[in-house]
Amino acid sequence: MCFIILEALHSYFNIIPAITLNTSIPLISDIVDLPLSISFMTLGFSYFVNLQVLLSIWLFYLVIMARAVRGVEGYMRTVGLSQDQIDCLRQSFQE
């Protein structure tokens, strides 16, 4: 509730700083972003849930993100790019 009030005050008075509860980390040279956010419902859920269940939730999330990265390469192949062109793009992003 306090964050909502601070956000409303920030929209009227720029002196009050804005609080951001979400950000993203770019992966693979800005091809895929890993979104990170603070959710108070998730924090409350994780407080009461067993650690093994939380570990499996995190692992499934990371598997889904890895499949998204592979999906980007699969999309490039369906567009008509060859493996050499994909490798060339990957090297140009790494530089």
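Only the coordinates and a few stated rules stand behind these numbers; no lab work does. Quick caveat, the model's predicted, so the values are computed rather than measured.
Annotation: amide H of LEU34 within the under-5 Å range of ILE25, LEU27, sequence separation 5 or more or interchain, hydrogens built in the peptide plane. Remark: the range 35-45, residue by residue, has Karplus-estimated 3J(HN,Hα) of x, 10, 8, 9, 10, 5, 5, 5, 5, x, 5 Hz, where x stands for each Gly or Pro and the curve is 6.51 cos²θ - 1.76 cosθ + 1.60 at θ = phi - 60°.
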